[in-house]
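**Student:** This is the structure I want to talk about, given as structure tokens.
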Amino acid sequence: MLRITPENGFPPNVTISNAIIRAFVGNKHGGWIPRLQWRHQNGQLTAGAEIRIHRSEHWGKVRYADGLPKGYDPDYKFYSYNAGKDVFSIFAREQYQLTTSTLLSGDIQFAYKAYRLFNEKAGKQYTRYFTVDGDTISGVGTIFFIPYFFVNGRLGIRHQINPSLDLFASIAITQREPQRQSLYNAAGSYYGERPLFQSDTSGGRTRYDFSKPLVKPEKLLDIELGAYYQGTRLQLEATAYWMEFFDELVKQGQLDIFGRPVYGNAPRTRHIGIELHGGWTIPLSPGQSLQLKGNLSLSRNRLVDYTHYEKDTAMVLDGNPIAGFPDLLGNLRLTYRAVQWWISARIQYVGALYTDNFKREDRKNDPYTLVHLEGTYQFDLAPLQYLRLRLAINNLLNTLYSSFGEGAEFFPGAERNLYFGIEIGW
């Protein structure tokens, strides 16, 4: 267990329990995000780029456990590896005023992203082979470099019916790479995690082709239609959407050793719904007002084409709800504002959701409703510009609830909690 085994220089038959593990991640991150804007006669063109280089160091140590062998070094790293991600992209966005009431917009992005994993310390060595410049490299350890190239685009139109009412529509095609942990969770390799790449087990030894990952990038076709109304006191917005995913990265209903959800591809999924936003302001005496705001999301999130394989059994899950997506979400906030202070009460509703894709009632997170209270008071104190006090009480009624779940694991939400803050302006 935890690579405290004879292969790693420890005595045989060591059994440990109640381990306390220190997991370390050291990140180095740098980049440049330039932007260029050109205002022309009928609109504006924005162009830009993104350059980001990320490198990280990961390791885990057993700080304490029952049954550790005599002389055990607490600085022994039972897993250790380096990782990296490179991002290079350019984009252009045009907003073109076709007429005084019609605005066209378009975006295009060319993105290159690459994952690296190297210097892995593995208790169980894997033969690797991949191709670089036509040469096959083989050796031991799990090392990969996986590049992705995406072209993403969006077209939109916004038409003003009158000064208070706008209609809008858009269509977008976009792609996203999987998380590196979805390719290979190296921190869990001692626990049985394996690289998710094409493999060859001939000759009694597993050989992974690290140029051929099994987990694919997800692709999305998104169509949206909506309307926006802005009156003197009333504001309303409604958006309907249809999102068709191919190879969407969905939760598998499992957790890794650090409690993070495990993801995998679903060949085809669909998210459709409508989102409503609104606000109404009632002026009271001078400097005072009452404001009611709210939003509501009604959606249907379903697997269209997805077969789960478990040993020799194939389970067709077409039509099942997608894990982690409630069909109903809502918030309602009432705020009273005065000259130097305001107080706000918010009701939050989260609908039921399944914690895996099998539509099992015992793996369904129940809906819950929470009430939150927040307020601020501002002092005008020379020579300060202001001194602002803020108090927030979350889960005012101390409701007991499960905030979310992953498979058979459910996680309780926070009980009543308070936040107090001070903000000073010079």
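The values are calculated or read from the model by the stated rules, or taken from the named source; none is laboratory data. Just so we're clear, the structure is a prediction, and the values are computed from it rather than from any experiment. Cβ coordinates were reconstructed from backbone atoms using ideal geometry, including for glycine residues, and neighbour counts include every protein chain displayed.
**Student:** In this structure, is THR201 at pLDDT below 80 and either closer than 30 Å to GLU244 by Cα or surrounded by fewer than 13 Cβ atoms within 10 Å (Cβ to Cβ) (or both)?
**Tutor:** So THR201 fits the description; yes.
**Student:** If you check ASN265, ASN301, ASN295, which single one turns out to be under 20 Å from the mean Cα position of the chain (by Cα) and under 28 Å from VAL371 (Cβ atoms)?
**Tutor:** ASN301
**Student:** For the range 2-105, which fully contained strands (runs of 3 or more DSSP E) count at least 1 residues that are closer than 25 Å to GLU193 by Cα and of a type in the set (Lys, Arg)?
**Tutor:** 17-32, 43-66, 77-99
**Student:** For the range 404-426, enumerate the residues that are over 21 Å from PRO321 (Cβ atoms) and free of Cβ contacts under 8 Å to residues at least 40 places away in the same chain.
**Tutor:** PRO412, ALA414, GLU415, ARG416, ASN417, LEU418, TYR419, PHE420, GLY421, ILE422, GLU423
**Student:** Kindly list, by first and then second residue, each pair from a residue in the range 9-24 that is farther than 10 Å from ASP66 by Cα and in contact (Cβ under 8 Å) with a residue 12 or more places away in the chain to a residue that is among the β-branched types (Val, Ile, Thr) and surrounded by 10 or more Cβ atoms within 10 Å (Cβ to Cβ), limited to pairs with Cβ atoms under 7 Å and residues at least 6 apart or on different chains.
**Tutor:** PHE10/ILE4; VAL14/ILE4; ILE21/VAL62
**Student:** Something else: For a quick check of your reading: which strands (runs of 3 or more DSSP E) sit entirely within the range 256-349 and have at least 1 residues that are surrounded by 15 or more Cβ atoms within 10 Å (Cβ to Cβ) and among the charged types (D, E, K, R)?
**Tutor:** 261-283, 289-305, 328-337
**Student:** Sticking with this one: Can you work out which of the residues in the range 31-63 that are touching a residue at least 24 places away in the same chain (Cβ under 8 Å) and loosely packed, with under 14 Cβ neighbours inside 10 Å is farthest from the chain's Cα centre (by Cα)?
**Tutor:** The selected residue is ASN42.
Residues are listed down the side, and each one gets a yes or a no for (1) within 23 Å of ASN320 (Cβ to Cβ); (2) surrounded by 14 or more Cβ atoms within 10 Å (Cβ to Cβ); (3) modelled with pLDDT of 95 or more:
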| site | (1), (2), (3) |
| --- | --- |
| PHE168 | no, yes, yes |
| TYR191 | no, no, no |
| PHE210 | no, yes, no |
| TYR228 | no, yes, yes |
| TRP242 | yes, yes, yes |
| GLN252 | yes, yes, no |
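**Student:** Within the range 398-418, does at least one residue satisfy the condition of being closer than 23 Å to LEU290 by Cβ and among the small types (Gly, Ala, Ser)?
**Tutor:** Among the residues of the range 398-418, not one is closer than 23 Å to LEU290 by Cβ and among the small types (Gly, Ala, Ser), which makes the answer no.
**Student:** Would you check which residues across the range 380-395 are surrounded by 15 or more Cβ atoms within 10 Å (Cβ to Cβ) and either under 23 Å from the mean Cα position of the chain (by Cα) or outside any strand (DSSP E or B) (or both) and list them?
**Tutor:** ASN395, the sole residue that qualifies.
**Student:** Please state which of the following conditions GLU415 fails to meet, knowing it meets all the rest: (1) of a type in the set (D, E, K, R); (2) assigned to a loop (DSSP other than H, G, I, E, B); (3) surrounded by 16 or more Cβ atoms within 10 Å (Cβ to Cβ).
**Tutor:** Here GLU415 meets the rest and fails (3).
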